[in-house]
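Only the coordinates and a few stated rules stand behind these numbers; no lab work does. Treat the numbers as computed from the prediction; the structure is a model and nothing was measured. Every residue, glycine as well, gets a Cβ built from its backbone with ideal geometry; the counts of neighbours run over all protein chains shown.
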Amino acid sequence: MNTYFMDLEFLCDEDFAYEDEIIAICLLAEDDHYELTSFVRPYDEAFEVSPYCTTLTGITREDLLSKPCFDELYEVMIDNTSEDDIIYVWGNVDLEAIYKNSIEIAGELEFNIVDFQDEFVQFCNLSFRPSLKKVYEVLTDDSELIHHDVRNDTVMLRTIYNIFHADKKAVMRKVKGRLV
């Protein structure tokens with residue numbers, strides 16, 4: 001069994017993230033034996049990337065034009081993971097997007113995906129769902145990584161996971177003192 005971490009970015013504007021339109025994916029193995037990082041071309045050829053989305057993610061329409069669609073990258077994911085592997089995401093948006101796409105492509109969820117944010121919130125007994133970047137900054141005192149960069153977000157998730165599993169009680173004390 002291998003452990004992976006994944007983040008997705010979506011088309012968005014100031015008011016809404018279009019969770020049906022994945023525009024970037026990063027899948028990192030815990031031990032660095034595998035990485036898939038790619039922009040994703042939306043299926044609709046007339047797609048637009050809003051100025052807001054570009055400001056948030058750094059992704060432009062031109063970045064996506066020659067990239068594979070999600071179904072092609074899905075096959076790459078299937079070929080490089082096994083059904084007993086676990087893929088961790090931060091938050092239910094990415095989890096639901098993979099679930100929905102897996103159902104559309106294969107008719108079933110072909111991955112074992114876990115929302116690590118849920119586990120983190122429950123263990124730390126938080127009454128809210130903190131952002132990935134905020135938790136990362138609290139645990140590492142590093143504010144240099146750029147949020148909404150698909151690879152950086154995946155690295156943040158993997159780092160949080162490793163710190164958390166190294167000493168859950170210390171993480172809970174640190175988070176309680178700085179997140180609430």
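Within region 128-158, restricting attention to residues that are among the hydroxyl-bearing types (Ser, Thr, Tyr) and under 16 Å from Gly91 (Cβ atoms), the residue that is surrounded by the fewest Cβ atoms within 10 Å (Cβ to Cβ) is Ser131. Of the candidates Phe10, Phe70, the single residue that is crowded, with 17+ Cβ neighbours inside 10 Å and under 16 Å from His147 (Cα atoms) is Phe10. On inspection, Lys67 passes the criterion of being touching a Ser or Thr at 6+ places or on another chain (Cβ under 7 Å) and farther than 22 Å from Leu132 by Cα.
Test Val89 against the stated conditions and say whether it is surrounded by 14 or more Cβ atoms within 10 Å (Cβ to Cβ), of a type in the set (A, V, I, L, M, F, W, C) and under 15 Å from the mean Cα position of the chain (by Cα). Answer is yes for this residue. Taking first residues from region 14-25 that are closer than 13 Å to Val49 by Cβ and partners that are in a strand (DSSP E or B) and among the small types (Gly, Ala, Ser), the Cβ contacts under 8 Å between residues at least 6 apart in sequence or on separate chains come to Ala24/Ser38.
In region 85-105 there is at least one residue that is basic (Lys, Arg), touching a residue at least 24 places away in the same chain (Cβ under 8 Å) and closer than 27 Å to Cys53 by Cβ. Taking residues in region 52-77 that are over 14 Å from Leu36 (Cβ atoms), and partners anywhere that are outside any loop (DSSP other than H, G, I, E, B) and among the acidic types (Asp, Glu), the pairs with Cβ atoms closer than 8 Å and at least 6 places apart or on different chains are Thr57/Glu9; Ile59/Glu9.
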